[in-house]
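A short write-up of the structure that comes next.
Derivation of every value follows stated rules applied to the coordinates shown; laboratory data play no part. Bear in mind the structure is a predicted one, so any value in this text is a computation, not a measurement. No Cβ is skipped: glycine too gets one built from the backbone with ideal geometry, and neighbour counts run over all protein chains shown.
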Amino acid sequence: MTPATRLTAAGFVATAVAFGPARMGFGLFLPSFRETFALSTSAAGLIASGGFLAFLLALLASAWIGRRYGEHVSVITGAVAAACGFAAVAMAASPVLLALGIALAGTSAGLCWAPFNDAAERVVPPEGRATALSVVSTGTSFGVAGAAILALVAARGGLDWRGAWLCFAAVALALAPIARAGLPARRGPKPTRAAVADIVQVGLPAPLTPEPTAQVAEAEASLTRKAALPLYGAALCFGMTNAIFLSFAADRVVRAGGLPGLPDEFASVVIFLGYGIFGVLGLVTGRIEARIGLAPLFSLIFGAAALSLVLVALAPTSWIGVVAASGLHGVAIMMVSAVFSFWSVRLFPGRSTLGFTAALLSMATGSVLGPALAGWLASAQGPVVMFLAAAAPSLVTALWFAARLGQARPRLPPAG
């Protein structure tokens, strides 16, 4: 295997673990947790919030660890944290230990994804970078689908939920040597001042350096420059949309009467399984962007996200409607994650992890705001109004990018 192939494979496995069971596992197994630990809705919400807070803190830690020790250390740390967290959940005898395990596992998402951006700049040729990062981000889809299958087995009584979480722990342990083999152990050589100046001028990714040059330092300071604002705005909007869908879609289906011929507790499995299976289409994100451009692709992504919410609002008891909604949202999240990844590479040459982390923090902020606002609106106006209102930001974003379809190359955003 070439270094680029090893890196892509390691990233695929890392996101499968960190954004599959580590991020989605609590929601998938919440019915079992409620029964075992007698969790109230408020207690479940606090545990979920703890996992999300751990993700935010790990995002910040990842940038520091990657710069000081290398990307492989951040990912290996995330793998060990995930394994320990999964094991703690499997052995939990109280809600406190359950919460600790969920939070510890949640850190892996922050530690295991962004480092692949900087590593890809050194290992993957420019022409294959978007495709490689698309493969890395689409690992989430397989992780979610695998977790959903285990949740289905547990719901049918074929496997105790503790056994399922021990399986998660074993997979996370396997990630550590994979990350060690797939990620480069050292940073690249320090470029000359003239080389960095040429790189920044033409907008190509600069090699990582032990200490930032003046040009790279300027790139770091430009995280708030105007060209980056669409990235952060899109991330904030999608964070809201995605969190609302994941938080309330299954509840909407169950409260509306469920899917015909299916027990209520299987509704979340159907949604997450569809979310993961259709998300595999995220593998072709790089190729689609290369063919049609970033603005058209974003218009399609946010249009799909908006439609998924509309379908949940208007057709919550229809198999076709629910499967289409979960599939559309799965494709949207996998593709938008890939685009955020290689968009950051273009905007912040040589320090894409910083830019990508900033985008993920924007997305995380949207994830905090979205469910809180949606819950208030659902209480006041009902779930139909809430889901339709939640679709509006994504629709506006889709139209904003659609208005830029006629722009000449270079596509949004301009390189550099």
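Charges at C-beta only: +1 for Lys and Arg, -1 for Asp and Glu. How large is the resulting dipole of the chain about its Cα centre, in Debye rounded to 20?
Approximately 800 debye in magnitude.
From the Cα gyration tensor of region 230-290, with a ≥ b ≥ c the square roots of its eigenvalues, which class applies: rounded if a/c is under 1.5, or else prolate if a/b is larger than b/c, or else oblate?
oblate
Could you work out how much longer the chain between residue 264 and residue 170 gets when fully extended? Use 0.36 nm per residue separation minus the Cα distance between them, nm to one decimal.
30.8 nm
Long-range amide H contacts for residue 293: which residues qualify at under 5 Å (H placed 1.01 Å from N, peptide plane, sequence gap of 5 or more or a different chain)?
The list, which skips near neighbours in sequence, is empty: none.
Before rounding to the nearest 500, sum -39500 (n - 2.57) across all DSSP H runs of length at least 4 in the chain and divide by the residue total; then give [θ] at 222 nm in deg cm²/dmol.
-26500 deg cm²/dmol
Enumerate the calculated ³J(HN,Hα) couplings along region 371-383 in order (Karplus 6.51 cos²θ - 1.76 cosθ + 1.60, θ = phi - 60°), each rounded to whole Hz, writing x wherever the residue is Gly or Pro.
For region 371-383, the Karplus curve yields x, 5, 5, 5, x, 5, 5, 5, 5, 7, 10, x, x Hz.
Just name one of 19, 285, 83: the one whose Cα is farthest towards the positive end of the charge dipole of the chain (beta-carbon charges, Lys/Arg +1, Asp/Glu -1).
Going by the Cα projections, it comes out as 285.
Please list, in order, the residues from region 228-270 whose amide nitrogen is less than 12 Å from a point placed 7 Å along the Cα→Cβ vector of residue 404.
In region 228-270, the label zone of residue 404 (backbone N under 12 Å from the point 7 Å along Cα→Cβ) covers 228-235.
What ³J(HN,Hα) values, in whole Hz, does the Karplus curve 6.51 cos²θ - 1.76 cosθ + 1.60 give for region 388-396 when θ = phi - 60°, with x put for Gly and Pro?
In residue order, the calculated couplings are 5, 5, 5, 6, 4, x, 5, 5, 4 Hz.
From the P(r) of region 1-121, could you give the percentage of C-alpha pairs in the tail past 20 Å?
42
Hey, rough spin-label estimate for residue 280 and residue 156, points 7 angstrom out along Cα→Cβ, what's it come to in nanometres?
1.9
Of the listed peptides 108-116, 363-371, 305-313, what is their order by residue-averaged count of other C-beta atoms within 10 Å, with the highest listed first?
Per-residue mean Cβ counts within 10 Å order the peptides as 108-116, 305-313, 363-371.
With +1 assigned to the C-beta of every Lys and Arg and -1 to the C-beta of every Asp and Glu, and no other charges, what is the dipole magnitude of region 246-363 about the Cα centre in debye, to the nearest 20?
420
If the chain between residue 46 and residue 292 were fully stretched, how many nm would it gain, using 0.36 nm times the residue separation less the Cα-Cα distance?
Computed gain between residue 46 and residue 292 is 84.3 nm.
Over all directions, average the projected area of the Cα convex hull of the chain and note it in nm².
About 18.8 nm², averaged over all directions.
Could you give the dipole magnitude of region 251-304 about its Cα centre, charging the beta-carbon of Lys and Arg +1 and that of Asp and Glu -1, in debye to the nearest 20?
240
Highest first, please rank the peptides 373-383, 292-302, 85-95 by the mean number of other Cβ atoms sitting within 10 Å of their residues.
292-302, 85-95, 373-383
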